[in-house]
Every structure is written in C-alpha cells, then in structure tokens.
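The values are calculated or read from the model by the stated rules, or taken from the named source; none is laboratory data. Small disclaimer: the values here were computed from a predicted structure and weren't measured. FYI the Cβ positions are ideal-geometry reconstructions off the backbone, even for glycines, and counts take in every protein chain you see. Just so you know, the surface numbers come from the protein's heavy atoms only, side chains and all, with ligands and any DNA or RNA stripped out. Shrake-Rupley method; radii C 1.70, N 1.55, O 1.52, S 1.80 Å.
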Amino acid sequence: MDGSDQAADRRRWGGKRAWVSGCGAALVALVVAAGVVIAGGEPAGIAAPYGCGTGGVHGTASTAPASDRPAPDGVADFDGDGHPDLALGSMGSVADGVGGGSIEVAYGAGDGTGIARCQYLTQDDPGIPGGNRDEAFFGTDVVARDFDGDGYTDLAASVFDWKPSVIIMWGSEDGLSRAARVPGTDGSHVAWGIDPILDEQLVGGDFDGDGHPDLVFGLGSGKGLLKGPFGRDGTPAATGAVPAPRRPAPDVRSANYGDLLAGDLDGDGIDDLVSFHDADTGPEVPWRERTRPVSYLHGGRDGFTQPEGIRLPDAGEGAIGDVDGDGYGDLVLSPRGGDASRSSVTVVYGSKTGPGERTTTVDRDTPGVPGEEPQDEDAVFTGLDTGDVNGDGYTDVVAGAPRWDVYGEPGPEQVLYLEGGPDGVSGAGARLFDGDELGAAPGGDADFGAAVGLTDLDGDSHADLVVTAPGGDTVDGVALLLPGTADGPSDAGVTRLSEDTFDDTEGLGLLMGGGEIAH
C-alpha cells in the first residue's frame, strides 16, 4: 500500500480525525513530549512571534501595541495585550514528519480581524518537548485557558509520541514562550469502545467548580481529569476519575471514541462533559448515516456522575452555547441517521435537570434558511460552534459542510449561520457562505468549513467567524476571518491567512486548520 492508499484508508474512518491529505499526511491525532529541553540549566524558550508573511522564519521578535482594556472573558490572549488571539491545529506535514502536526497562532492587532504577529509551532522548536516525526499529529486538539492563573492565556495541545499525552505552552507578555509536558497522562478506557490509539481527545472546562480550568484527557480513566491550577512543569493540582459512558444501546457492540465537548448544561456553574462515539455499523454504511451515540456526564464538586433518564439523539458533531438566553447551556448537534436531513441542526436545550427536555431542528425547509437541501451524498455538517455574532445577547450557531471524503464528489462547500433568540434558533436572519464565492478553492476541493469558530477577535462584542479550508495535495490551506456585525458575519473585509503566512517550506502540505480552532 503506497502513501496515497494509506491516506485514503485512514480518511474512511470518518469523524473528527478523518482529515487527511492524499500523500499520507493525516489531519488529526496526538503527540507526547520527551521532557523539556534544558539549555544552560533553564528551560528552552519557544521561538518568538514574528511579522506575518515572512514564511515562518523565526527572526527578530515583533511586538504589537497594547490595548488599554483586557480581552473579553473567554477569549484567548496569549500575550496579555488586550487584543484577542487565535490558535489553529493543523495536523499536516512538517519538516521530517509526514503528518507531524503543527499549530499556527495569530496575534490580534485590535483592528477588526487584522493580525499583528504570527507564530508557527512544531515539536522541532527547542522549547517544545519532543521532536518532529511521522504521524505525530501535534496539536490536533488545542485548548486555550489560563491554566496556571498568572493572567495570560495558555495553550494545551494533544500529542502522540508512542503514547497519548498533553503539552501546555505558557502565555507571557511575549506570547507563548515556554512549554511543558503534563506528566502521567492516561488514555481512555471504554469497555465497549474500539478505542484506537490515535483517537484520544482533549477538552477544557471547570469540571469541579473551583474556578480553575481543568482538562479531560482519558474517558473512563481513573486519572482522566487533570485539575487546575497547573504548575509550570505541567503538573496538575490533582487528578480525578472520568467515568466511561454507559453502553448506549444493546445493539452497539463497539464504537470508536470520536469527540468531547464541555459546557454548563444545567446552570449550576460547573461544566459538564459530552462524548461522541462512532458505532461499528459496518463498512458499507455511509459515514453520515452511521450511528453516532452521544453520552452525557454531569460535572460536580465531588466528581462526574451519569444521571439516569437523560438520552441524547445520535449526532456526528456538536457545540454548546446558550442560544435562548435562559442561563442554561444548550447542546447543538449535527444529527445522524433516521430521517435527519444532511443539512440540519438540532438543539437539545439545557435545563435545571440537564439537557433533553426540549429540542428544535432547523434545516433547509425551515422558513428563512437559504439554499436547497444538497442532493449529493457528500454534503453534511461536520463542524459546529456557537457565539454571539450580532451582539443581541443570544448565542448564535455556525455549521460547516466541507467535502470531507477523499472519494467525495466535487460540489458546494458551505457554512450556515443561524441566529439565536428567546425561542432558540430559527431561520430568521440565517445566512449561507459558500467557499467558492469566498475564494477558498474552485469546485469544492478546499474542505471549506472543516473547522468553524466564533470568537471576538477585535473586542467589539461581535463574535467573528473563523472558517478553515485545509486543502490537500493540490490546494493550499487557508483560514478566513469574517468580521462579526449586527447583521451577522460579513463577507466584506475578510482577512485571509494562507499557509505561507506561517510557513513556506516547499511541498509540506500544511493542511492549515484541519484540526481544531482553540477554545
């Protein structure tokens, strides 16, 4: 089997870790570090941010003027200058590593969606534990939080270097400047799971309600909960158990562990955990129709619990946000199987007793939603996020539909925007963004919408839309930043971040933003 055949085979797995280039650069997974590099008795520093567009050359560090106000709550600010920043996981190839993975960091300028500085991070950086190698997929999952409580946002990244692990890069006035591996991390243990070694997941939240950000890395592990605050050597304050979800149904013999979400679904001020699994329904079943069980774990001061009676619909992807403004986080899903439309979004509303009492589904037949139901088999929402774009106090939803399959038919690659409101999501104010029209790539070859994010990049109280189009062997990857306005995302004044913005090494195939957008 040659490299392209291997890539095609991996891509057929489906799920978040399906993104792959035809040359064997798979787009998703994890890496572990071999310890912090020491130089002169001190930990080596990460190469400093530089002026964007210099091809990833780590030259003289550049600086951006500081803001007189802090970045909005919940928004990454790695250098503490008050301008929100952006980090993308890009699991393509790196020097000496096919599928080695990289992270691209764009430091905000405070001027719309403008970018002041850039940073290109791989494990070949002397300040980051480990080293580039094939299929390490450094940075597949990226989580932005202040893990050590010093006022600067830090960045945690999943890694795989013979075993799954986590690396935290510490924020500072110079940006992300040092890094450490979290010691003693453990993989997931789900009795009914296939649990492939490259499918480990990482998610951040406050799962015990103590006010410090935590990480979950190991579903079903006795130490899968890594509690903050973290020491600068990566050591968590404590660890805790993360229960394995109950088998979703008797006929689910096994299931790939697919994704994790975190958010407060019952309004108690403590984040809950939602996990997705891809049931083994046979190789002939189309990916979008495979059973995707969704499980719920309630976070609490005494640990996670599994409430009886909460059953969530099967879904391929998800996000959490308060779309109806009632103070409870709502679970936004891309449904799978049964009568679900390929271009539908289902909201399972949160409540005092958790999610599940009320649901709403919006699709192309909903009044106000633009466009027609795609007639081909390769159009399906595989990326979701939530945020307040129009500034009305209600959380909005974006859903991306790329042509994910290496054998997929060319066609439209789109992102759908839905507004939240007092009754939740509806078709009112909905907008559709086409990758071809935004210059991602002609004919649906860019995987436009592979990852979508809503984050306020300029601090104007309007979340901006980030859309990645990782591309592949013949199409360069790009991330597009659409300004948020009172009317939703705007296709005027779009900022375009190309592969060459960060690294111009010939022939690598960066697959930029094919993993996650840091939250």
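Odds and ends about this structure:
- For region 107-153, filtered to residues that are closer than 22 Å to E499 by Cα and among the polar types (S, T, N, Q), the residue that is surrounded by the most Cβ atoms within 10 Å (Cβ to Cβ) is T140.
- Within region 336-395, restricting attention to residues that are under 14 Å from G321 (Cβ atoms) and acidic (D, E), the residue that is least open to solvent (accessible area, probe 1.4 Å) is D385.
- Yes/no for G400 being at negative phi, open to solvent by less than 10 Å² (accessible area, probe 1.4 Å), of a type outside the set (A, V, I, L, M, F, W, C) and modelled with pLDDT under 95: yes
- Search result, residues across region 294-332 that are touching a strand residue (DSSP E or B) at 6+ places or on another chain (Cβ under 8 Å), under 14 Å from Y349 (Cβ atoms) and small (G, A, S): G318, A319, G321, G329
- Looking only at residues of region 498-512 that are small (G, A, S) and modelled with pLDDT under 85, we find that the one that is nearest to F137 (Cα to Cα) is G509.
- Residue in region 500-511 that is of a type in the set (A, V, I, L, M), without any contact (Cβ under 8 Å) to a residue 40 or more places away in the chain and either over 28 Å from D392 (Cβ atoms) or out of contact with any Ser or Thr (no Cβ under 9 Å at 6 or more places or on another chain) (or both) present: no
- Enumeration of residues in region 154-166 that are closer than 15 Å to A180 by Cα and either open to solvent by 30 Å² or more (accessible area, probe 1.4 Å) or assigned to a loop (DSSP other than H, G, I, E, B) (or both): D161
- Counting only residues that are modelled with pLDDT of 95 or more, in a loop (DSSP other than H, G, I, E, B) and out of contact with any Leu (no Cβ under 6 Å at 6 or more places or on another chain), region 225-263 holds 10 of them.
- Scan of region 167-181 for residues that are over 20 Å from the mean Cα position of the chain (by Cα) and either of a type in the set (F, W, Y) or surrounded by fewer than 23 Cβ atoms within 10 Å (Cβ to Cβ) (or both), ordered by number: S172, E173, D174, S177, R178
- Number of residues in region 197-248 that are open to solvent by 30 Å² or more (accessible area, probe 1.4 Å), more than 20 Å from W162 (Cα to Cα), among the hydrophobic types (A, V, I, L, M, F, W, C) and within 23 Å of the chain's Cα centre (by Cα) equals 1.
- When restricted to residues that are among the hydroxyl-bearing types (S, T, Y) and within 21 Å of S165 (Cβ to Cβ), region 114-151 contains 2.
- Among the residues making up region 381-404, those that are in a loop (DSSP other than H, G, I, E, B) and within 17 Å of the chain's Cα centre (by Cα) are F381, T382, P402, W404.
- Some residue of region 494-502 being open to solvent by 30 Å² or more (accessible area, probe 1.4 Å), under 16 Å from L432 (Cα atoms) and of a type in the set (D, E): no
- Condition met for G204 (modelled with pLDDT of 80 or more, touching a Pro at 6+ places or on another chain (Cβ under 7 Å) and more than 18 Å from I270 (Cβ to Cβ)): no
- The residue of region 320-342 that is farthest from G74 (Cα to Cα), among those that are in a strand (DSSP E or B) and either free of Cβ contacts under 8 Å to residues at least 60 places away in the same chain or touching a His at 6+ places or on another chain (Cβ under 9 Å) (or both), is P335.
- Boolean, D266 is modelled with pLDDT under 95 and surrounded by fewer than 24 Cβ atoms within 10 Å (Cβ to Cβ): no
- Members of region 82-109 that are out of contact with any strand residue (DSSP E or B) (no Cβ under 8 Å at 6 or more places or on another chain) and either in a loop (DSSP other than H, G, I, E, B) or aliphatic (A, V, I, L, M) (or both): G82, G92, S93, V94, A95, D96, V98
- Test: residue in region 121-138 that is under 21 Å from G99 (Cα atoms), of a type in the set (D, E, K, R) and touching a Lys or Arg at 6+ places or on another chain (Cβ under 7 Å): no
- Taken together, D464, D458, D476, D436 contain a single residue that is within 21 Å of the chain's Cα centre (by Cα) and open to solvent by 40 Å² or more (accessible area, probe 1.4 Å), which is D476.
- In summary, E419 fulfils each of the numbered conditions (1) at pLDDT 95 or above; (2) of a type in the set (D, E, K, R); (3) more than 27 Å from R342 (Cβ to Cβ) with the single exception of condition (3).
- Test: E173 is in contact with a strand residue (DSSP E or B) (Cβ under 9 Å, 6 or more places away or on another chain) and among the acidic types (D, E): no
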